[in-house]
Amino acid sequence: MSLPTRIEIRPGQRVRIIEKQNQPTGLQSEGAVARILTKSTSHPHGIKVMLVDGRVGRVQAIVA
């Protein structure tokens, strides 16, 4: 499964992220994107975003 690129992610969209402290376990959180923090078009670990509730993590999937 490939990770979403920056152009696929939009503010307000629901996504699943992995927060920094959860990287070893792979525990994912879900929420709506407030801001896209990564400037490049892609990243090997996922595009970094801030969710509306303030959590920051790397996008693993877009929730349909």
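Observations on the model:
- Matching residues, segment 14-62, being open to solvent by 40 Å² or more (accessible area, probe 1.4 Å) and of a type in the set (Val, Ile, Thr): 25, 41, 52, 56, 62
- One residue stands out in segment 1-13 among those that are open to solvent by 60 Å² or more (accessible area, probe 1.4 Å) and aliphatic (A, V, I, L, M): the one that is modelled with the lowest pLDDT, namely 1.
The values are calculated or read from the model by the stated rules, or taken from the named source; none is laboratory data. Quantities reported herein were computed from a predicted structural model and do not represent experimental measurements. The area values use the complete protein model at the heavy-atom level, side chains included, leaving out ligands, DNA and RNA. Shrake-Rupley method; radii C 1.70, N 1.55, O 1.52, S 1.80 Å.
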